[in-house]
1. Around Gly40, what is the net charge, scoring Lys/Arg as +1 and Asp/Glu as -1 over all other residues with Cβ under 15 Å from its Cβ?
2. Out of the DSSP beta bridges found with both residues in segment 2-242, what percent are antiparallel (nearest 5)?
3. Given springs between every Cα pair under 10 Å in a Gaussian network model of the chain, which of Phe80, Phe196, Phe119 has the largest fluctuation?
4. Return, for the Cα atoms of segment 1-119, the radius of gyration and Dmax in Å, separated by a comma.
5. For the chain, modelled as a GNM with alpha-carbon contacts under 10 angstrom, which of Ile108, Ile160, Ile24 fluctuates the most?
6. Quick one: what do you get for the chain if you divide its Cα Rg by 2.2 N^0.38 Å?
7. Identify which of Val187, Val73, Val144 has the largest mean-square fluctuation in a Gaussian network model of the chain, with springs joining Cα atoms closer than 10 Å.
8. How charged is the neighbourhood of Thr67? Take every other residue with its Cβ under 12 Å from the Cβ of Thr67, and add Lys/Arg as +1 and Asp/Glu as -1.
Amino acid sequence: MTLEVCANSIESALAAWHGGAHRIELCSNLERGGLTPGPGTIAEACRRLDIPVMVLLRPRAGHFHYTAAEQEVMLASAKFCRQAGAAGLVVGALTADGMPDRPFLEKICALAEGMDLTFHRAFDLCRDPGRALEQLRQLGIRRVLTAGGAATAAEGADQIRRWQALAGSAVELMAGGGLTPDNLEEVWRRTGVHAFHLSAKTWIAADAAPALGPADASGWYQTSEAVVRRARAVIDRLRGESA
């Protein structure tokens, strides 16, 4: 079983590592659903962590149908991640009609040859998930992060199980969306998957200081090492049960 933690800063990445995460997804701006982190954060996380660092490629918030210019930004970010030593990339790009953007994803896969690849929760917006799974398999993408098309993995657990049965061993489905140490076991039992993604985030209140904008006024999210430890303990117990 694998515990992946979504870390939105170098401090979050360190907390996830120290808490027992098997792998991290490195991003920024969790408040906007996660965006590509800065180059300094990527380089430092890859230098300091002894676990795989997967970097999110998402240049802006909003939908996952990207312009040619946005795609070039993502390709440039992918090149930097490779040079920095990232283990892999997390990407999700869709066509206007809601299917994986194969021409663009082929470019990402070519750049990421030998790296790990995850297709993120853009999958939950695909018009034809079964066909999308097959397209991703053909591209060589072996992992899909999903909440089963629902707001949370707990709500979409039954669909995750069906999609994993459809994908077989060709594509690993990783449950994510609203996961906590308290509902991990339920989601595992209902989905049967063996990879789990959570942020384990806690709110850090800002010190009294002039705000630099509305989003800067009250604080920020940061990964809690204690929450990661709790999640890892659940994973270890379930692994023992399923052995």
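1. Here the count lands on 0.
2. Numbers: 7 of 34 bridges.
Rounded to the nearest five, the antiparallel share is 20 percent.
3. Phe80
4. Gyration radius and largest Cα-Cα distance of segment 1-119: 13.7, 42 Å.
5. Ile108
6. Its radius of gyration relative to the 2.2 N^0.38 Å reference: 0.97.
7. Val73
8. Working: positive: Arg60; negative: Glu70, Glu72, Asp101.
Residues close to Thr67 contribute a combined charge of -2.
Read-outs throughout are calculated quantities, based only on the coordinates presented, and are distinct from any laboratory measurement. This structure is a prediction, so every number in the text was calculated from the model and none was measured. All Cβ positions, even for glycine, are placed from backbone atoms using ideal geometry, and neighbour counts span all protein chains on display.
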